[in-house]
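The values are calculated or read from the model by the stated rules, or taken from the named source; none is laboratory data. Worth saying up front: this structure is predicted, and the values here are computed from it rather than measured. Because the Cβ atoms are built from the backbone with ideal geometry, glycine has one as well, and the counts that use them run over all protein chains shown. All accessible areas refer to the heavy atoms of the entire protein, side chains included, with ligands and DNA or RNA removed. Shrake-Rupley method; radii C 1.70, N 1.55, O 1.52, S 1.80 Å.
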Amino acid sequence: MRLLYVLASYVLFAVLFPVLSLHRKTRHGLRQRLGFYAEGELPARGPGPTIWMHGASAGDLLALSPMFGPLRARFPGCRIVLSTMTNSGYMMGRERLAKQVDGVVYAPYDLWGATRRAVKAIGPDLLVLEYTEIWPNLIRAASRAGGRVVLTNGRFSPAHQGKYRLLFGLIGNPLKDMELFLMRGEDEAERVLGLGAPGERVMVTGNTKFDALAAADQGQEDETLRSALGLRVGERVWIAGSTHEGEEEHLLEVYRKLLEAHPDLRLVIAPRYIERAGRIAGLVKEAGLSVGLRSKGNEEGGQVVVLDTIGELSRAYRLATLVFVGGSFTTRGGQNILEPAGQGKPVLFGPHMENFRDSVQVLVGRGGIQVKDGEQLYRVMTELLAKPETVGSLGELARATVRQISGASQRNVEHMASALAKSPNPPPAPNPPTAPNHPSPSGRGTG
């Protein structure tokens with residue numbers, strides 16, 4: 001059955017290669033994607049274990065980042081290598097996370113040869129996969145080479161359970177080659193158990209992205225960014241973050257209506273894909289509003305500013321009075337609503353949050369407000385802008401909520417340490433702190 005997947009992966013790769021070579025998310029890094037690395041692209045081995053951490057995109061790498069510190073504290077001298085699939089993820093890793101890790105590379109295509117070359121070159125003692133990054137050839141290669149494979153922030157869509165079962169039945173179950181499944185919640189743990197994961201390897205530890213948000217809430221307002229956006233001190237700012245195609249028209253309509261009662265209000269739109277900045281600027285002009293680009297310092301002094309840079313949205317949220325998070329007025333399934341909440345901001349979002357149900361459950365009623373359409377968004381924002389004291393209290397409630405749900409990173413690292421201790425040559429480590437006991441769905445503890 002594994003041979004079937006190996007052959008099928010090469011056939012599929014041959015068919016998709018023209019698309020992969022041209023698509024904006026995947027067109028760079030071909031050599032590394034095939035498992036070849038030039039001198040200096042990978043760090044030299046250190047006295048501690050080699051930990052390869054993989055996230056598909058920029059957001060996934062940020063979710064992994066709270067574990068860097070605990071891993072280094074637990075394993076002094078460890079070597080951390082990040083891999084990602086998208087160009088934006090690679091750029092963000094190189095620019096924002098490079099000082100915290102030892103290397104950033106493109107992930108290999110899940111081909112028999114590419115994965116084995118990558119595993120041989122990196123030599124992971126531990127391979128950490130994020131969310132649903134189940135790549136059978138990579139998992140098999142790392143496991144056969146003696147590495148321990150761990151899934152963190154594990155999630156499996158209930159809508160795709162049947163497809164997973166069918167695929168695993170055809171190619172052999174890759175979950176059998178994995179050492180640990182560190183799941184976000186009880187429901188996710190039940191799903192991975194239903195897919196055949198060994199029960200004793202499934203733990204519920206929470207979501208490390210909450211830890212990143214809890215750490216981020218200590219940041220101060222960024223005056224340099226404020227100036228680059230053309231915003232004045234004391235000015236009320238509405239930030240619409242991670243917006244998608246088809247959402248800006250509704251947001252601009254709401255903004256125009258808000259200006260009638262609040263002419264001082266400024267709008268910052270941060271598109272999920274910065275390549276859309278020009279189109280958004282055109283929509284703003286069509287709406288009869290002035291517009292500027294952050295990349296040009298908003299030299300026009302526009303009422304609306306398009307944040308057309310990578311990696312600044314979290315900092316921009318600190319300047320906000322109110323935040324709307326996009327991907328939620330479309331069928332994209334939402335975007336990260338906890339990031340602005342961690343900055344102490346009230347967060348509004350639309351009805352389509354299918355990919356962030358856990359975040360919605362945590363935040364609604366605790367600084368998060370879900371609206372069904374643009375009209376309700378307008379009504380809620382009108383009420384909030386008239387009550388600044390309510391805005392402040394909702395923001396503090398959101399910040400406190402994010403702090404309360406942190407701690408997954410440390411729990412994950414302790415379980416990883418246990419997995420590494422089972423290796424033929426376990427790495428030395430100092431005496432670990434005691435990890436909290438979080439029972440799995442079947443009643444087993446996490447120790």
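Using the heavy atoms of the protein chains and a 1.4 angstrom probe, tell me the accessible area per residue for segment 287-326 in square angstrom. Kindly include the intermediate steps, with their values, before the conclusion.
On the way: 1250 Å² over 40 residues.
Spelled out: the 1.4 Å probe surface of segment 287-326, per residue, equals 31 Å².
What full-extension length gain, to one decimal in nm, is calculated for Ala38 and Glu299 as 0.36 nm per residue of separation minus the Cα-Cα distance?
89.7 nm
Would you mind working out the accessible area per residue for segment 350-425, using a 1.4 Å probe, and quoting it in Å²? Display every interim value, and only then the final one.
On the way: 3690 Å² over 76 residues.
Value returned for segment 350-425: 49 Å² of accessible area per residue.
To the nearest 20 Debye, how big is the dipole of the chain about its Cα centre, given +1 on the beta carbon of each Lys and Arg and -1 on that of each Asp and Glu?
1360
Return one number: the angle in degrees, 0 to 90 and rounded to the nearest 10, between the long axis of the Cα atoms of helix 248-261 and the longest principal axis of the Cα atoms of the chain.
It is inclined by approximately 40 degrees.
Quote the FRET efficiency, to the nearest 0.05, computed for Arg357 versus Arg94 with a Förster distance R0 of 41 Å and r equal to the Cβ-Cβ distance. Walk me through the numbers on the way to the answer.
Values: r = 32 Å, r/R0 = 0.78.
Step by step, r from the Cβ atoms, then E = 0.80.
List the residues of segment 32-55 whose backbone N lies under 15 Å from a point placed 7 Å from the Cα of Leu20 along the Cα-to-Cβ direction.
Counting only backbone N, you get 32-36.
Sum up the charges of everything whose Cβ sits under 15 Å from the Cβ of Gly77, counting Lys and Arg as +1 and Asp and Glu as -1, but leave Gly77 out.
+2
In the set (1) -0.42, -0.66, -1.11, -1.27; (2) -0.49, -0.76, -1.20, -1.33; (3) -0.55, -0.79, -1.13, -1.24, which value of log10 I(q)/I(0) by the Debye sum over Cα atoms at q = 0.08, 0.10, 0.13, 0.14 Å⁻¹ was calculated from the structure you see?
Computing log10 I(q)/I(0) by the Debye sum over Cα atoms at q = 0.08, 0.10, 0.13, 0.14 Å⁻¹ and matching it to (1) -0.42, -0.66, -1.11, -1.27; (2) -0.49, -0.76, -1.20, -1.33; (3) -0.55, -0.79, -1.13, -1.24 gives (2).
Counting each DSSP H run of 4 or more residues in the chain as -39500 (n - 2.57), what helix-only mean residue ellipticity at 222 nm follows after dividing by all residues, to the nearest 500 deg cm²/dmol? Kindly include the intermediate steps, with their values, before the conclusion.
Values: 19 runs with 183 residues, N = 447.
Computed ellipticity for the chain at 222 nm equals -12000 deg cm²/dmol.
In square angstrom, what is the accessible area per residue of segment 82-121 with a 1.4 angstrom probe?
With all protein chains present, segment 82-121 gives 43 Å² per residue.
What's the center-to-center distance, using Cα atoms, between segment 39-60 and segment 102-126 in Å?
One Cα centre to the other: 9 Å.
Could you tell me what percent of the accessible area of the chain is made up of carbon and sulfur, with a 1.4 Å probe and every protein chain present?
Summing carbon and sulfur atoms, their accessible area is 55 percent of the total for the chain.
Measuring from label point to label point, each 7 Å out along Cα→Cβ, what is the Leu4 to Glu275 span in nm?
Each label point is offset 7 Å from its Cα along the Cβ direction, giving 3.6 nm.
Taking amide H positions as placed in the peptide plane 1.01 Å from N, state which residues far from Val149 in sequence (5 or more) or on other chains have amide H under 5 Å from it.
Those lying under 5 Å, H to H, from Val149 are Leu127, Glu179, Leu180.
Can you tell me how much longer the chain between Leu170 and Arg232 gets when fully stretched, taken as 0.36 nm per residue apart minus their C-alpha distance, in nm with one decimal?
Between Leu170 and Arg232, full extension yields 16.3 nm more.
Taking the simple approach of a point 7 Å from Cα along Cα-to-Cβ for both Ala386 and Arg403, what is their distance in nm?
Here the modelled spin labels are 3.2 nm apart.
Local charge sum around Gln410 (other residues, Cβ-Cβ under 13 Å, Lys/Arg +1, Asp/Glu -1)?
Local charge sum for Gln410: +1.
For Pro108, what charge total do you get from the other residues with a beta carbon under 14 Å from its beta carbon, if Lys and Arg give +1 and Asp and Glu give -1?
Summing Lys and Arg as +1 and Asp and Glu as -1 gives +3.
Per-residue HN-Hα couplings for segment 272-288, Karplus 6.51 cos²θ - 1.76 cosθ + 1.60 at θ = phi - 60°, whole Hz, x for Gly and Pro?
Values, residue by residue: 4, 10, 5, 4, 8, 4, x, 5, 5, 4, x, 5, 4, 5, 4, 7, x Hz.
5 Å is the cut-off here: which amide hydrogens, built 1.01 Å from N in the peptide plane, fall below it relative to Gly344, excluding neighbours closer than 5 in sequence?
Arg399
If amide H atoms are built 1.01 Å from N in the plane of the peptide, which residues on other chains or at least 5 residues away come under 5 Å of the amide H of Leu293?
Amide H to amide H, under 5 Å and 5 or more residues apart or across chains, Leu293 pairs with Asn298, Glu299, Glu300, Val306.
Positive end of the dipole of the chain, charges at C-beta (+1 Lys, Arg; -1 Asp, Glu), about the Cα centre: which of Met67, Ala121, His244 has its Cα farthest in that direction?
Ala121
Go through segment 232-247 residue by residue and turn each phi into a ³J(HN,Hα) via Karplus (6.51, -1.76, 1.60, θ = phi - 60°); whole Hz please, and just put x for glycine and proline.
Going residue by residue, I get 9, 4, x, 6, 6, 10, 9, 10, 9, x, 6, 7, 10, 3, x, 8 Hz, with x marking Gly and Pro.
Could you give me the ³J(HN,Hα) list for segment 71-87, computed from phi with Karplus coefficients 6.51, -1.76, 1.60 and θ = phi - 60°, whole Hz, x at Gly and Pro?
5, 5, 5, 6, 10, x, x, 5, 10, 10, 10, 9, 10, 8, 9, 9, 5
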